[in-house]
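Undergrad: Below is the structure I would like to discuss, written out as structure tokens.
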Amino acid sequence: MSHRRQAVSALIIGFSLAGTPVALAEVTAKETQLAKKFWGISIGQLEYRYSDSDAKLGVFEGAAFYGTDELKGVWLFEGEWENEHSAWETLENQFVAQKPIAEFFDAKAGIRIDTPEGSDRVFGVLGVTGLAPQWIELDSNLFFSDEGDVSADLELEYELLLTNRLIMHASFEVDVAFSEDKEIGIGSGLNATETGLRLSYDVIDRLFSPYIGIVHERKYGDTADLAETSEGGTEDWFAVAGVKILF
């Protein structure tokens, strides 16, 4: 049999197999997987912070999602409760739609409702989240406020497995504003950074993980000036203790 005839025969066999029940079942299973709905809730941070300036904060950060591999709705929430004044220092909720745009990255779009010290704010959100090279988790967002102000943030996280259960978490977050919003204490330029190092232990797989660590917060430029004007601090070191929970 010539090479041409062998190629034609192989194509005929291939098309024949593609129509068999096994091949059709594989296609159906893949379509079913893409259409299947998933949900979950995670509390990445539920912690108590005590600073070198005697500030005491309760901090939480988490997410809930529902949808498919191709499109999901996500609720992102975080806040800081200041014990001294018995009030929220920050309280933020994001409601976004998230869709894959590459093998390890999703795009997201939605709204953010912010309740800082001062007036409330509502933002439009455009962002990208995913797994960067070297297994670094990346989350980057651009915000457009109802007051016409534009800002952005970038958050990086990395996990180092010391053992199967003992894990070191490193995190870095930076906030930038392209215009000032004095009512909520935001100046233009580089606003703030937060650097954290936490050591956790997985008690129940990765479903319940208590941790201890340190966090450094610092304000910069015009934002630092506004904080000093309102008799607030511009830099703090915190000792933290908390727990991560997955549902």
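Undergrad: Going through the range 196-237 one residue at a time, which ones are of a type in the set (A, V, I, L, M, F, W, C), within 21 Å of the chain's Cα centre (by Cα) and crowded, with 18+ Cβ neighbours inside 10 Å? It would help to see each step written out before you state the result.
TA: Let us first name the residues in the range 196-237 that are of a type in the set (A, V, I, L, M, F, W, C), namely 197, 199, 203-204, 207-208, 212, 214-215, 224, 226-227, 237.
If we keep only those that are within 21 Å of the chain's Cα centre (by Cα) as well, we get 197, 199, 207-208, 212, 214-215.
Passing the criteria: only V215.
Undergrad: If a residue has to be farther than 24 Å from P133 by Cα and outside any strand (DSSP E or B) to count, how many in the range 188-210 make the cut? Give the derivation first.
TA: Just the residues of the range 188-210 that are farther than 24 Å from P133 by Cα, to begin with: 188-192, 201-205, 207-210.
Of the ones still in play, those that are also outside any strand (DSSP E or B) are 188, 202-203, 205, 207.
So the answer is 5.
Results for (1) aliphatic (A, V, I, L, M); (2) more than 30 Å from I245 (Cβ to Cβ), shown as yes or no for each residue.
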{"position": "G185", "(1), (2)": "no, yes"}
{"position": "S209", "(1), (2)": "no, no"}
{"position": "I212", "(1), (2)": "yes, no"}
{"position": "R218", "(1), (2)": "no, no"}
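Undergrad: For V96, are the conditions met, namely being under 22 Å from F247 (Cβ atoms) and either assigned to a strand (DSSP E or B) or in contact (Cβ under 8 Å) with a residue 40 or more places away in the chain (or both)?
TA: Working: under 22 Å from F247 (Cβ atoms): yes; either assigned to a strand (DSSP E or B) or in contact (Cβ under 8 Å) with a residue 40 or more places away in the chain (or both): yes.
Spelling it out, V96 is indeed under 22 Å from F247 (Cβ atoms) and either assigned to a strand (DSSP E or B) or in contact (Cβ under 8 Å) with a residue 40 or more places away in the chain (or both).
Undergrad: Yes or no: the range 209-220 includes at least one residue that is more than 24 Å from N141 (Cα to Cα) and among the polar types (S, T, N, Q). Even if it seems obvious, please write down each step before you answer.
TA: Initially, the range 209-220 is screened for residues more than 24 Å from N141 (Cα to Cα), giving 209-214.
From the residues that got through so far, the ones that are among the polar types (S, T, N, Q) too are 209.
Looking through the range 209-220, at least one residue is more than 24 Å from N141 (Cα to Cα) and among the polar types (S, T, N, Q).
Undergrad: Would you list the strands (runs of 3 or more DSSP E) that sit entirely within the range 99-187 and hold 1 or more residues that are in contact with a His (Cβ under 9 Å, 6 or more places away or on another chain) and surrounded by 14 or more Cβ atoms within 10 Å (Cβ to Cβ)?
TA: Values: elements: 105-114, 121-132, 136-145, 150-161, 166-177.
Per the criteria, 150-161.
Undergrad: With the checklist (1) outside any strand (DSSP E or B); (2) small (G, A, S); (3) closer than 25 Å to A239 by Cα in hand, flag the one item G58 doesn't pass.
TA: (1) is the only condition that G58 fails.
Undergrad: Hey, another quick one. What single numbered condition from (1) in contact (Cβ under 8 Å) with a residue 40 or more places away in the chain; (2) out of contact with any Phe, Trp or Tyr (no Cβ under 9 Å at 6 or more places or on another chain) fails to hold for V240?
TA: (2)
Undergrad: Something else now. Quick one: in the range 112-141, which of the residues that are of a type outside the set (G, A, S) and at positive phi is nearest to the chain's Cα centre (by Cα)? Before you say what the answer is, go through the steps one by one.
TA: Residues of the range 112-141 of a type outside the set (G, A, S): 112-117, 120-123, 125-126, 128-129, 131, 133-139, 141.
Okay, now just the ones that are also at positive phi, so 134-135.
Numbers: Q134: 17, W135: 15 Å.
So, considering only residues that are of a type outside the set (G, A, S) and at positive phi, the one nearest to the chain's Cα centre (by Cα) is W135.
Undergrad: Could you give every pair whose Cβ atoms fall below 7 Å, whose first residue belongs to the range 190-207 and is of a type in the set (F, W, Y), and whose second residue is in a strand (DSSP E or B) and modelled with pLDDT of 95 or more, counting only separations of at least 6 or pairs across chains?
TA: Cβ pairs passing all conditions: Y201/L166; Y201/S209; Y201/P210.
Table: residues versus (1) over 16 Å from the mean Cα position of the chain (by Cα); (2) charged (D, E, K, R); (3) at pLDDT below 95.
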residue: Y66; (1), (2), (3): no, no, no
residue: L71; (1), (2), (3): yes, no, no
residue: W88; (1), (2), (3): yes, no, yes
residue: Q94; (1), (2), (3): no, no, no
residue: D106; (1), (2), (3): no, yes, no
residue: G110; (1), (2), (3): no, no, no
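The values are calculated or read from the model by the stated rules, or taken from the named source; none is laboratory data. Only a predicted model underlies this, so the values are computations on that prediction, with no experimental measurement involved. Every residue, glycine among them, receives a Cβ derived from its backbone with ideal geometry; neighbour counts consider all protein chains shown.
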